[in-house]
Structures are given as structure tokens and as C-alpha cells.
Amino acid sequence: MLERVRGKGKGCTRMLFALCIIQLFVQVVHATCPTFAAWLHPVPGVEFNNLQGFATVDVSPDGTFVIVQLQITALNFSSAIPTFNEVRIMGPAASHVTVPVGTDPLLVLSRPMITCDGMSQWSTTLRRSGAGIPQLIQYMRQGLAYVSVPTERVPDGELRGQLLVPHCLEAALTPPDTSSSAYGFANVMINADQTDVAALVQLPEDAKRKLSSAVDDLRVVGGTGQTIMTLRAAQEFSEICIGNEPHKYPPEYNLESAEAKAFKLARLAPAAVQALLAHPTVSLSTVSSGPGAEIHGVLVPAVSCRDLLTKHDNLYTLARAHRSDWITVWSMNLGNPDVRPTLQPRYYAHPLQVLKGETAMAIQR
């Protein structure tokens, strides 16, 4: 009986496979990256180019709600920061196609607030539910939903980005030796055109796994050794936003307690993207570690059917969210339900690739 409970018995393995297959057919299969992402750039023909943004949408396991993360940045070469209207998700429309005037949004999000006496970057995390969510999910899966950021100077939308499934890389960041228990987790997302990249680095705050000192250098390095992206601490630029106020930006990495995440965005040349896809690494050094990395990890394609545990999660909540039970989830993961280190990816089902001609019913049998 013990062999079957731990996922080694034939009957238990089939049950776990079926769980992941059923969820794949019903909604989407989760990984440690958000389900959908959109890089927000100025709409072609708009004369202004001092804003950029990023949006992600995570779909709940049962498809009844979504979690939206939204980030808007005023770039430091201009003081022309507009007044924003509420950000919207629109559709159905393919890339570079605009819905007809008067079309109701699929989802209304929030109004960005960027001022020169505050931060030149704004971000938020929102949970949205309602009768329109199934339609939104359908359009996102078809590539027919986009994020529109209207402003007072461009009311029809100054920024826009299509919501698509990103290519997702992940890395657990650990010390190069056993002298430390420091930890971090990194995701790098690449858009479908392989031109835009977003990095998300998260660091725990518990005494056992936190860094020894402040972050000194954090970078994503391509397989050929060149630096692809550098993630910086909080910044002030000499360029003036307005009056005597400089542009100010938050750190480009995140402590786990942050409710709204900060993403590092970059537009890369094709050669840099190819280097990013060829055994890239993430390296983080601190003030006390000197030039050597305190934690590092190799970025690999994200594994499906895993969620990244937050400070609110354990194996019980993970199982409940995916309509399973804790003993099934426990059988697929090291540790036990009473131990819940944050930022650890945990399986909620075994990933199984469906072959041509197979059906869910046949696999369950």
C-alpha cells in the first residue's frame, strides 16, 4: 500500500497522470511562470515613446478567476509623464488589429499612478472574477486578447501588448558550495517573436535562506559567457523628471513579501536571444561575497504542472486549489506538508504528454 501511496504503484501513477491530463483539457497547465504575458510598447504611429510596460495573467486552476500583474514604467530620458486612464484587456483581435470603437473591454484593470515626486515605475497585482472570465480565457488561449493602456494624450491606447503564452525558463538559485543555505528563484520569459525578455528574481526573507548582505550584482549570463541582462538595486538617474526631482525606480529583484512584483524588461538582438536559449545562468553576488556568486543557477525550460509556493501556501492549499488531496501532492514532492519553504516549486500532478490518438479516458484506463 505504501508503494502505491508514494506514486510508485501502477494504479496511483495512472490516477496522478489523469489529474494533469484533465486539467490540460479543461483550462491551462500551470508552471512557475505566469500563464500569459504581454510586453507593452507604444502603438505604431504614436509620437510618444517614453513609456513601456509588462502584464501577466495567471488563470486559476478551476478557471473562475485570474490574477493580473501589471507594470508601467516612465523611461528616464523624458519628463513627459501623462495622466493614465484605466488599463483594459480587449478582444477579440489578433496582433496589430484593433477592436471596433465602442467595444466593451473584456476586463477593466486599474489606473496607473506615476508622478515625478514618487516612483517612475508603477505596479500592481489584481484578482478578477466574474461571468466574463471564461470568454477572456478562451480569447487568450486563441491569441486574441490584448492589453491596452490609454492615456489622456492617447485615449485609444498609448501602449499595447498581445497576451500570449511566453517561453518560460526557470532556475533555483543556490550557493556554489555547502557553506550557506541562501536561496532564490528566477524566471526568464521570452515572447513568441523572440525579441522581448522579462526576468523575475525572487528572494526569501527567512533567517535560514536569506542572503548574507545586500545585493551587489545580479545578472543573467548567456551560454557563451556574455551578460544578457543586469538587474539593479533601487536607482536614481541624473536626468530630471520635473523641477528638482530625479527619476527614481525600485529594485529590479523582489523580496517574497512584495505584493506587486518588479520585472526586468529588455528588448534583445537575435544573437542575444539565442545565447539566452543556450544554457544560460543567473548569478547573484552580494556585498560580503565579493566578485564570486553567493547564489547561482542554470536556467532550464520550466516544468509543467508545478506551482511556486508563496508565503500563504503549503501542500494542503496546493492540493485544494487543484481539486486534489494532500497525500497525492505529497507523494510527488520531497518533504512533508508541515514543512513549507517559500519559493519552492511543487508538483500538483505528473506532467504527461498526450500522444496523437490518445484520449483522457484511454489514459485513465
Please identify every one of the GluC sites (Glu not before Pro) in segment 140-188 that sits in a loop by DSSP and has no more than 14 other beta carbons within 10 Å of its own beta carbon. Glu152
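Using +1 on the beta carbon of Lys and Arg, -1 on that of Asp and Glu, and nothing else charged, what's the dipole of segment 46-117 about the Cα centre, debye to 20?
Computed charge dipole of segment 46-117: roughly 80 debye.
Could you give the dipole magnitude of segment 120-247 about its Cα centre, charging the beta-carbon of Lys and Arg +1 and that of Asp and Glu -1, in debye to the nearest 20?
Taking the Cα centre of segment 120-247 as origin, the dipole is about 520 debye.
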Karplus-derived 3J(HN,Hα), 6.51/-1.76/1.60, for each residue of segment 99-104, Hz, glycine and proline x: 5, x, 4, x, 5, 5
The simple spin-label model distance between Ala266 and Ala362, using points 7 Å out along Cα→Cβ, in nm, is 4.5
Assigning unit charges at the beta carbon (Lys, Arg +1; Asp, Glu -1) and nothing else, what dipole magnitude in debye, to the nearest 20, does the chain show about its Cα centre? 1420
Looking at segment 190-250, which trypsin sites (Lys or Arg not before Pro) are in a loop (DSSP not H, G, I, E or B) and have at most 11 other Cβ atoms within 10 Å? Lys208
Rough spin-label spacing in nm, given labels placed 7 Å along Cα→Cβ, for Val298 and Thr103: 4.4
What FRET efficiency would be calculated for the residue pair Ala207, Arg128, taking the C-beta separation as r and a Förster radius of 51 Å, to the nearest 0.05? 0.90
Looking at the chain, what % of its DSSP beta bridges pair antiparallel, to the nearest 5? 95
Which of the following values of semi-axes √(5λ) of the Cα gyration tensor in Å was calculated from the structure shown: [x] 52, 24, 20; [y] 35, 28, 18; [z] 35, 22, 19? [y]
Positive-end residue, the chain charge dipole about Cα centroid, Cβ charges, pick of Ala214, Ala271, Gly91: Gly91
Length released on extending from Val287 to Glu259, taking residue separation times 0.36 nm less the Cα-Cα span: 7.5 nm
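Just the number, please: percent antiparallel of the DSSP beta bridges in segment 239-348, rounded to the nearest 5.
Details: 9 of 9 bridges.
If I count the DSSP bridges inside segment 239-348, around 100 percent turn out antiparallel.
Where a number appears in this text, it was derived from the coordinates with a stated rule and is not lab data. Because the structure is predicted, anything quoted here is derived from the model rather than measured. Heads up, the Cβs are rebuilt from the backbone with ideal geometry, glycines too, and the neighbour counts pull from every protein chain shown.
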